Amino acid sequence: MKCACCGAEMNQTEKDTSSGRDIREYECPECGHPDWEDLGKALWQILSDGREEDEAEKTSQAQPGSRDSHIEAEPRPADSGWGRLRAWFTLLFARKQ
């Protein structure tokens with residue numbers, strides 16, 4: 001990241017993902033100007049959300065008499081880059097078997 005004040009390359013001083021967001025803090029070695037950027041959802045949050053969705057889907061399919069138990073599951077469009085990558089690998093390995 002470039003410093004907004006002097007244009008020098010800034011050093012990353014902190015990376016915080018505890019809020020579920022990937023927030024990085026920087027400091028300029030030339031003028032000492034601090035800055036930060038939010039890079040979106042943290043990887044652990046994306047994986048956790050995906051796991052919860054998978055568990056909820058398995059639970060609803062396992063329950064006899066649930067309103068969707070008679071309908072064959074259709075693949076959902078991926079919501080994120082991680083979901084698209086996972087779907088691509090699933091299709092790739094399904095063809096080889």
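The values are calculated or read from the model by the stated rules, or taken from the named source; none is laboratory data. Since this is a predicted model, take the numbers as computed values, not measurements.
Quick notes on this one:
- Residues of the stretch 17-42 that turn out to be part of a strand (DSSP E or B) and over 20 Å from TRP82 (Cα atoms), as a count: 8
- Of all residues in the stretch 32-78 being among the basic types (Lys, Arg) and over 20 Å from the mean Cα position of the chain (by Cα), the one that is modelled with the highest pLDDT: LYS58
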